[in-house]
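One structure is given below, encoded as structure tokens.
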Amino acid sequence: MHIPAKKSLGQNFLKDEQILQKIASIISVKPSDLILEIGPGKGALTKYLIEKNCYYKAYEIDERMKPILTTYSNHIIYKDFLKSNLKEDFKDISFDCFYVIANIPYYITTPIIEHVINADVPLAKMVLLVQKEVAERFAAFPGTKEYGYFTVFLNYYFNVRKVMDVPRTAFIPVPNVDSAVVLFTSKERTFLNQKKYFQFLKECFANKRKTLRNNLKNYQWDAILKILKENQLSDQVRAEEIPSYVFEKIFLSLN
């Protein structure tokens, strides 16, 4: 059944079977776990996920896909994932760990990640196929040009690792950019006021050319300097040179 990609939905269908199998193999699950696929499209990845024999759910905004997807699973929710309530939608499933896997449109990558975080479900891992440039920003290391506010934001919740690159030729239609698969593994978090912490991070990265001291003129510098010295960092350090765990220490020292 031929269903053309909708540009308005950012649809690019992954066709490379070898890559699809590799993506599905990234996560290992138990029968009591739940896999959520976001945007299954024509079911190219779905057919490998349902072989894992655990609970499976998916959100698909494009109802044209229904005739194809129903051949794989009856557990597809046809609505916008960003408008979903995961706890409500999955209240009848008694699952242990929660896994998210998706090939997502580039323009809603960040909103989807934030929606998963805010859903407050027992997320174990998240596997996302995203634009390569975005993947490198998510998994960036301190001291690189890709490292920034959102990298540190993600590092509060996850250990982030780029798993593999995916060439644009692996998709139909062929996009203008290459992609990459990123693995997000949930980690234990420091207890802090998240809203205030993320606002603090935005101030730290407000002007990347300035030193941390110049970006944080309204904060107690002596307390910040103490943490920097304890972590062998200069008083002239810039935000993009500071590891995420040091930001948490600095924030805690100020509160």
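The values are calculated or read from the model by the stated rules, or taken from the named source; none is laboratory data. It should be emphasised that the depicted structure is a prediction, and the values quoted were computed from it without experimental measurement. When we count neighbours, we look across all protein chains shown, and the Cβ atoms used for this are built from the backbone with ideal geometry, even at glycine. The protein model used for the area step is the full one, side chains on, heavy atoms only, and it has no ligands, DNA or RNA in it. Shrake-Rupley method; radii C 1.70, N 1.55, O 1.52, S 1.80 Å.
Listed by first and then second residue, the pairs with beta-carbon distance under 6 Å, at least 6 apart or on different chains, first residue in the stretch 212-239 and open to solvent by less than 100 Å² (accessible area, probe 1.4 Å), second among the β-branched types (Val, Ile, Thr), are LEU212/VAL237; ILE224/ILE250; ILE227/ILE250; ASN231/VAL246; ARG238/THR211. Contact map, the stretch 44-63: residues that are open to solvent by 50 Å² or more (accessible area, probe 1.4 Å) paired with residues that are assigned to a loop (DSSP other than H, G, I, E, B) and of a type in the set (Gly, Ala, Ser), Cβ distance under 7 Å, separation 6+ or inter-chain. Pairs shown: ILE50/SER73. Filtered by the rule that a residue be over 15 Å from LEU45 (Cβ atoms) and surrounded by fewer than 15 Cβ atoms within 10 Å (Cβ to Cβ), the stretch 65-79 gives LYS66, PRO67, THR70, ASN74, TYR78, LYS79. Taking the numbered list (1) touching a residue at least 60 places away in the same chain (Cβ under 8 Å); (2) of a type outside the set (Gly, Ala, Ser); (3) open to solvent by 40 Å² or more (accessible area, probe 1.4 Å) in turn, VAL127 passes all entries but (3).
Restricting attention to the stretch 171-191, the residues that are over 15 Å from MET126 (Cβ atoms) and polar (S, T, N, Q) total 3. Scanning the stretch 139-158 for residues that are of a type in the set (Phe, Trp, Tyr) and farther than 27 Å from ASP96 by Cα gives PHE141, TYR147, TYR149, PHE150. Residues that are within 22 Å of the chain's Cα centre (by Cα), part of a helix (DSSP H, G or I) and farther than 20 Å from ILE27 by Cβ within the stretch 40-82 comprise just one, LEU82. The residues of the stretch 208-255 that are under 25 Å from PHE138 (Cβ atoms) and among the basic types (Lys, Arg), listed by number, are LYS208, ARG209, LYS210, ARG238, LYS249. Evaluation of VAL177 against the conditions (1) open to solvent by less than 10 Å² (accessible area, probe 1.4 Å); (2) in contact (Cβ under 8 Å) with a residue 60 or more places away in the chain; (3) in contact with an Asp or Glu (Cβ under 8 Å, 6 or more places away or on another chain) shows that the sole unmet condition is (1). Looking only at residues that are out of contact with any helix residue (DSSP H, G or I) (no Cβ under 7 Å at 6 or more places or on another chain), more than 11 Å from LEU45 (Cβ to Cβ) and open to solvent by less than 50 Å² (accessible area, probe 1.4 Å) in the stretch 3-25, which one is modelled with the highest pLDDT? My answer is ASN12.
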